[in-house]
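To keep things clear, I will list the structure first and then write my remarks on it.
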Amino acid sequence: MAIESVSFEWEGFSGGDDEASATQNQRWRVIFDNTDDPRLRPVIALSAAAIDPHTGLQVPQGFSQHLYSPWLIVRRRGIRAKGPMDFEIDIEYSNRASFCTSEAAASQFLNPCDEPWDIEWFQWEYTDRVDEDIHGYPIINANLDPPDPNLQEEFGSMGLRITRAQELWDDGLMSQYARKVINSDYFWGHSPGECLINRVGARRMRMGDLFFWQATFEILFNPFSETESGHTIGGWKRRVRHEGYNVRVKINPIFQKIVRARCNPANDADETGDCTAEPVLLDAEGCRLAPDGISSDAFWLEFDTKKSLPFSALALE
């Protein structure tokens, strides 16, 4: 057994606080027997393997909480040799907050792939056509005509950016996710179809003769919700109001022909005598919506335009 004992040294205990932070300093002592490689002792003394075989006492690790205060976190550790088998370890606890980035965690982990992920939430904004109000009713005038040009509005959604170090990068697999795919499974508590891969990428890093990848994943969320009129909105399907310049004419009740609803410049009227230069609202079957219809009569068409893949393959949870 390499470690003979691990003990807490009262001589190195100190602490204090001010308006900005609180700190506490401890000193631990690790004694080795002579059955291990002396060159590994400084590494072992700082690692999670530094446990007393008799009492179970363990040298505190990076980011671990103080026994009596969860807001005091190990921020810094140092080691000095008192002899070939005797090592002292100074531990500094502090309540100062820090960003969990690779730079902040680098001193605590020998392997960068063990570092905590850098997780960032941000607001993503975009502009798109808007065809309905917040209650799900179409934006039209008293004659059921939509505005021309269509209204444009700014929208916002939450985005998640994860940066982490990882040993491998599969560019063949990642190229599939780089095609703006959506989730086919549950991801971070969101239902299938609500999450979109906006950006993926990686940069090769080197530590000596070891190589790893610093990878970044950016995901956008568009949760499903229901309007007061019962319409379901959200997700990443393309949704357009059912309208156009062509209407079906229904007779007995066979669909016989499609006639132009747009004005004919030659005779200033189309075959139905309904002259319009704007698209007209259509019902679910493609017939023109009755002029006396109510505002909730408009129909919307939904199209799947994005491929879906399981996000579980990315191991981001």
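Values as computed for the structure displayed
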{"quantity": "For segment 1-61 and segment 111-169, distance of Cα centres in Å", "calculated": "49 Å"}
{"quantity": "Estimated FRET transfer efficiency (Asp90, Asp33; beta-carbon r; R0 25 Å; 0.05)", "calculated": "0.60"}
{"quantity": "Förster-model FRET efficiency, 30 Å R0, Arg238 and Ile119, C-beta, rounded to 0.05", "calculated": "0.50"}
{"quantity": "Linear extension gain, Gln58 paired with Arg199, 0.36 nm per residue minus alpha-carbon span", "calculated": "46.6 nm"}
{"quantity": "FRET efficiency estimate (nearest 0.05) - Cβ-Cβ, Val43 to Glu226, R0 51 angstrom", "calculated": "0.35"}
{"quantity": "Placed amide H near Phe299: partners under 5 Å, 5+ positions off or other chain", "calculated": "His242, Leu282"}
{"quantity": "Additional length obtainable on full extension of the chain from Ala315 to Glu167, 0.36 nm per residue less Cα span", "calculated": "52.0 nm"}
{"quantity": "Residues Trp213, Trp10 arranged by fewest to most Cβ contacts within 10 Å", "calculated": "Trp10, Trp213"}
{"quantity": "Added length on full extension, which subtracts the Cα-Cα distance from 0.36 nm per residue, Met207 to Asn150", "calculated": "15.0 nm"}
{"quantity": "Shape of segment 3-97, Cα gyration tensor, a/c cut at 1.5", "calculated": "prolate"}
{"quantity": "Spin-label model distance (nm) - Lys307 vs Glu19, 7 Å beyond Cα toward Cβ", "calculated": "5.8 nm"}
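Bear in mind these aren't lab numbers, they're just calculated from the coordinates by the rules spelled out. Since this is a predicted model, take the numbers as computed values, not measurements. Don't worry about glycine lacking a Cβ; one is built from the backbone with ideal geometry, like all the others, and counts go over all protein chains shown.
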